[in-house]
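> Supplied in structure tokens, the structure appears directly below.
FYI, it's all coordinate maths here, none of it is from the lab. Here the structure is a predicted model, which is why all the values come from computation and not from measurement. As a convention, Cβ positions derive from the backbone with ideal geometry for all residues, glycine included, and neighbour counts pool all protein chains shown.
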Amino acid sequence: MDLRLGTDDMKLPRELQYIENSLKPQRSTDARLDGRVCVITGTTSGVGYEAAKRLAQGGAELVMICRNQEKGRQVQNELTRDYGVKADLFIADFQALDEVRKAGLAIKEKYRRIDVLINNAGVFSKRRRLTPDGHEMTFGVIHLASFLLTRLLMAPLKQGAPSRVLFISSEAHRFTGLNLNDLDWRKRPYLGMFAYAAAKIAQIHTAHVFADQFQGDGVTFNIMHPGAVRSNIGMNNGLIYRLYSRYILNLFLKDPAESGEAIYYLAADPSLEAVTGKFFNQTIEEEPAWYAVKPGLTQAVWDRSEALVEPYMEGCG
Ligand SMILES: NC(=O)c1ccc[n+]([C@@H]2O[C@H](COP(=O)([O-])OP(=O)(O)OC[C@H]3O[C@@H](n4cnc5c(N)ncnc54)[C@H](OP(=O)(O)O)[C@@H]3O)[C@@H](O)[C@H]2O)c1
């Protein structure tokens, strides 16, 4: 009897199938994105940097949103030099929703049509920190900023139809649920990994509503875990965490180029043109945790997110 993980004789329960999927060979594509406008956030390191390079290699015109001008310029120069593509740069710190609004409006003004939007920028914090807007930082940067940006860019995305939006999520969303009564962790002891998971869950819920709302407009919305890969995530958590990450954690993590390849597949492969509202473990479709798709909660998360970003949508239609 064959008892290898993933065979019919040894199938993991549904909630653990992500472990099995992480071990499967991933898909890639030869499809090209020549001249297609791809907006991507957080390209200065890790997953976003590798995805930007892969998109440029595939001929895409890059529109990057980064918070650090100097690092952003370096990537911009590298992409134009190495791949001969157009690479534009907008600066915004996603902790400040007003900066997200300004970048979103500036992009909308300059680009009438967007083919792909990749919401990648993310952060992990061991300590509870608040954004200038008063939101718990991971929730603000990962969820509220990407939610607002996506809403701001809907008009050019519809113009670009068939167009695609990808939310870079994480299997870490399986660690815990989302407490709508305490989004900013004022009432409970803060746990960084749980706050990170909660932000990713909010993103999954709202991605599903986006997918339903824009079903007839030719804009797809999918969510993906980019793999467990070496990056700078968490490096803002002090020397001990940095040493742990660099010398221990990194031994178990994969090359972020794999994430870039997976993102490219989801952004470019023709087979996915009409696929929407799905969660992918890199390139393999799977079910997210049940509480990330819990009926009743999805609309509540959408409504709350909409209310929180409403002041920054003023005058945007
Ligand atoms: N690495 C993994 O194993 C893994 C696993 C699952 C999911 N993910 C997800 O993958 C995405 C990318 O993470 P990564 O691992 O590549 O981490 P990373 O190397 O730290 O890259 C994060 C990117 O987001 C940017 N960013 C962080 N805070 C920002 C802010 N306030 N405003 C604007 N940009 C900001 C960073 O800019 P700076 O360079 O200026 O800091 C950087 O470009 C995240 O959504 C993360 O949750 C990663």
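> Enumerate the calculated ³J(HN,Hα) couplings along segment 91-108 in order (Karplus 6.51 cos²θ - 1.76 cosθ + 1.60, θ = phi - 60°), each rounded to whole Hz, writing x wherever the residue is Gly or Pro.
3J(HN,Hα) across segment 91-108, in whole Hz: 10, 7, 8, 6, 6, 10, 5, 5, 6, 5, 4, 4, 5, x, 5, 5, 5, 4.
> Go ahead and collect, in residue order, the members of segment 203-239 whose backbone nitrogen is under 14 Å from a label point 7 Å along the Cα-Cβ direction of Ala274.
The answer is 215-220, whose backbone nitrogens lie closer than 14 Å to the label point.
> Can you list the HN-Hα couplings for segment 123-130, worked out from phi with the Karplus curve (6.51, -1.76, 1.60; θ = phi - 60°), rounded to whole Hz and with x for Gly and Pro?
Taking θ as phi minus 60°, the curve returns 8, 10, 10, 6, 10, 5, 10, 10 Hz for segment 123-130.
> What residues have an amide H closer than 5 Å to that of Thr220, excluding those fewer than 5 places away on the same chain, when H is modeled at 1.01 Å from N in the peptide plane?
Ser163, Arg164, Val165
> Given H placed on each backbone N at 1.01 Å, which residues far from Val37 in sequence or on other chains put an amide H within less than 5 Å of it?
Sorted by chain and number, the residues that satisfy this are Glu61, Asp115, Val116.
> Sort out for me the Cα centre separation of segment 256-301 from segment 219-247, rounded to whole Å.
Comparing the Cα centres of segment 256-301 and segment 219-247, I get a distance of 18 Å.
> What ranking, highest mean first, results for peptides 80-88, 154-162 when packing means the other Cβ atoms within 10 Å averaged over each residue?
154-162, 80-88
> Can you tell me which lysines have their Cα less than 27 Å from the Cα of Lys254? Leave out same-chain residues fewer than eight positions away.
By straight Cα distance, Lys254 reaches Lys11, Lys24, Lys53, Lys71, Lys126, Lys200, Lys278.
> So what is the relative contact order of segment 30-312, in percent, for Cα pairs below 8 Å that sit 6 or more residues apart?
Rounded, it is 20 percent for segment 30-312.
> Please list, in chain and number order, the residues 5+ apart from Arg27 or on another chain whose amide H is under 5 Å from its amide H, with Hs placed from the backbone.
Close amide H contacts, sequence-distant or interchain: Thr283.
> Using each residue's phi in segment 164-172, evaluate 6.51 cos²θ - 1.76 cosθ + 1.60 at θ = phi - 60° and report the 3J(HN,Hα) Karplus result to the nearest Hz, with x for Gly and Pro.
Coupling constants for segment 164-172: 9, 10, 10, 9, 7, 9, 7, 5, 4 Hz.
> With each pseudo-label sitting 7 Å past Cα toward Cβ, what's the Asn77-Gln213 distance in nm, one decimal?
4.0 nm
> Just subtract the alpha-carbon distance of Arg188 and Glu70 from 0.36 nm times their residue separation and send over the number in nm, one decimal.
That works out to 38.7 nm of additional length.
> Related question: Sort 235-246, 116-127, 213-224 for me by packing, meaning the mean count of neighbouring Cβ atoms within 10 Å per residue, highest on top.
116-127, 213-224, 235-246
> Can you give the three extents of the C-alpha atoms in the chain along their principal axes, from longest to shortest, in whole Å?
Here the spans come out as 58, 48, 45 Å, largest first.
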